Amino acid sequence: MLTYSNGHIGIDHGALFQERDRQRRRSAGIDDDYYKDYPEEDVAQSEMCFCRTLGSMVPRLELLGYTLNAVRADYEEQSTIDAEWHAEVNRDAARPDRLTFDQFMAFIRAHDVRDLQDEYRQCYDAEHAEGLGRFARDPAAALLPEGDPDRDMGGYSERSHFGALIGFLEPYSALRVLAENPANLDLEVVWDYGNFVHAGWAENQDFVAGARRTQTYLLATEGTSDTHILRRGFTLLRPDIVDFFRFIDIEERHPFSGTGNLSKFAEGLVKIDVHNRVVFIFDNDAEGVDTFRSLQRFTFPVNMRAMVLPDLEELRNFPARGPAGVTCADINGRAAAIECYLDMRLKDRPPAQVTWTNYKESLGIYQGALDFKDSYARAFYAASPEAIVSDAYDVSKLRVVLGAVFLHCSEMASEMRRRTRE
């Protein structure tokens with residue numbers, strides 16, 4: 001158990017889960033004798049919870065700011081606090097040795113949670129004090145930062161002792177490091193609220209899954225095509241985190257279409273200091289790169305970022321038509337609109353190519369545009385979800401784009417969380 005509350009809802013863990021994770025699940029907290037004595041009571045309520053595997057939760061943890069680098073900083077901060085406390089209390093004692101973060105991760109990987117005994121044993125503390133048991137024999141256990149006052153007392157089982165040993169970490173940080181042990185990835189993480197509701201402390205509707213408004217990211221793009229492609233990409237390829245992303249309403253028209261308008265939108269939001277999390281996404285062409293660079297004169301607040309679609313090896317030798325005819329060229333940073341990251345194989349159509357247009361003097365390169373780019377977008381919209389998920393329709397390049405967006409968002413969340421802790 002990483003965290004609990006009694007008499008009040010406590011921490012809202014909804015962002016760790018999605019509505020599809022709501023289910024009935026038998027738990028140790030259900031009193032079977034009670035339901036035998038009161039058969040008119042429905043056990044279904046007590047079994048209600050949110051549940052998903054630790055492995056599937058990792059991306060959600062990272063979008064909440066709990067990246068591995070962020071947890072490393074948490075660990076090192078706690079180690080410093082621990083050392084300073086010991087120096088204050090024991091002025092004449094040597095500074096206690098503590099594991100480095102890498103050594104701590106080795107400790108985590110050495111102990112699979114599933115292998116830890118979880119049965120209550122009244123004599124566990126005494127055995128530990130006598131140097132018996134798993135963690136008494138592991139010298140690394142004594143070199144962890146202190147946090148839980150019961151850490152050195154052991155606990156009532158191996159698993160409870162392990163929880164006490166890593167109890168100096170925040171619950172979500174603990175989940176993130178546990179996920180670094182591959183054996184833990186299929187463990188279930190449960191937000192058990194059924195008994196809480198059964199006791200009358202809350203209602204089922206008080207427990208809601210999904211990223212909260214303040215935890216979501218607005219992805220602002222150059223045009224409607226970019227928005228439609230990204231939205232469908234996240235919906236089909238990253239359904240595990242799709243609720244973290246929002247888009248500008250473009251039902252009638254895109255209010256900030258074009259590179260210049262998106263740049264002005266970014267400038268405006270920076271100047272009025274909005275608190276929404278926003279990522280401005282520019283095409284990987286000459287116009288997009290030039291505008292992205294011009295925005296660097298602004299100091300973006302921690303909750304805003306700008307990015308250009310990523311460079312790809314597949315775009316370094318791409319057919320391009322210019323005054324000298326069609327030759328292969330590197331279109332990264334010159335002509336790679338988002339449609340270039342879709343499946344370029346169109347039935348009964350010639351191979352994809354770009355056409356060089358205007359010269360960007362500020363960059364010393366030509367701007368290019370993908371020929372018939374709307375046809376590639378239409379093919380993506382027409383592809384079935386099954387074809388996209390199975391990669392029958394090639395989404396390898398689009399996956400890279402989604403990964404780049406995810407990275408910017410998780411880094412933003414990590415930095416926001418770090419500043420909040422300062």
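The values are calculated or read from the model by the stated rules, or taken from the named source; none is laboratory data. No experiment lies behind these values; they were computed from the predicted model shown. Cβ atoms come from the backbone with ideal geometry, glycine included; neighbour counts cover every protein chain shown. When the accessible area is computed, the model is the full protein with side chains, heavy atoms only, and any ligands, DNA or RNA have been set aside. Shrake-Rupley method; radii C 1.70, N 1.55, O 1.52, S 1.80 Å.
Observations on the structure shown:
- Gyration tensor (alpha-carbon) shape descriptor, region 276-391, a/c threshold 1.5: oblate
- The chain: Lys pairs at Cα distance under 24 angstrom, eight or more positions apart or on different chains: 5
- Sorting 331-344, 56-69 by their mean Cβ neighbour count within 10 Å, with the most densely packed peptide first, gives 331-344, 56-69.
- Working from label points 7 Å from Cα in the Cα-to-Cβ sense, the Arg213 to Ala140 distance is 4.5 nm.
- Placing pseudo-labels 7 Å out from each Cα toward the beta carbon at Lys264 and Leu363 gives an inter-label distance of 2.1 nm.
- Label-point gap, in nm, between Ala183 and Cys123 - each point 7 angstrom along Cα→Cβ: 2.5
- Helix 224-237 axis, angle to the chain major axis (alpha carbon atoms, nearest 10°): 40
- Computed E for Asn276/Asn69 - FRET, C-beta separation, R0 30 angstrom, nearest 0.05: 0.80
- Each peptide in 222-233, 186-197 was scored by the mean count of other Cβ atoms within 10 Å over its residues; highest first, the order is 222-233, 186-197.
- Once the Cα atoms are used to define both axes, helix 54-63 deviates from the longest principal axis of the chain by about 60 degrees.
- Crossing angle, helix 259-272 versus the chain [Cα axis fit, 0-90 degrees, rounded to tens]: 40
- Rounded to the nearest 0.05, the FRET efficiency derived from the C-beta distance between Ala199 and Thr3 at R0 = 22 Å is 0.75.
- C-alpha center-to-center spacing [region 268-285, region 354-399] in angstrom: 23
- On a per residue basis, the chain carries 51 Å² of accessible surface, using protein heavy atoms and a 1.4 Å probe.
- When volume of the Cα convex hull per residue in Å³ is calculated for this entry, the matching label among (i) 132; (ii) 206; (iii) 237 is (ii).
- Cα gyration tensor category, rounded, prolate or oblate, for region 346-422 with a/c compared to 1.5: oblate
- Rounded percent of accessible protein surface that carbon and sulfur make up, the chain, 1.4 Å probe: 51
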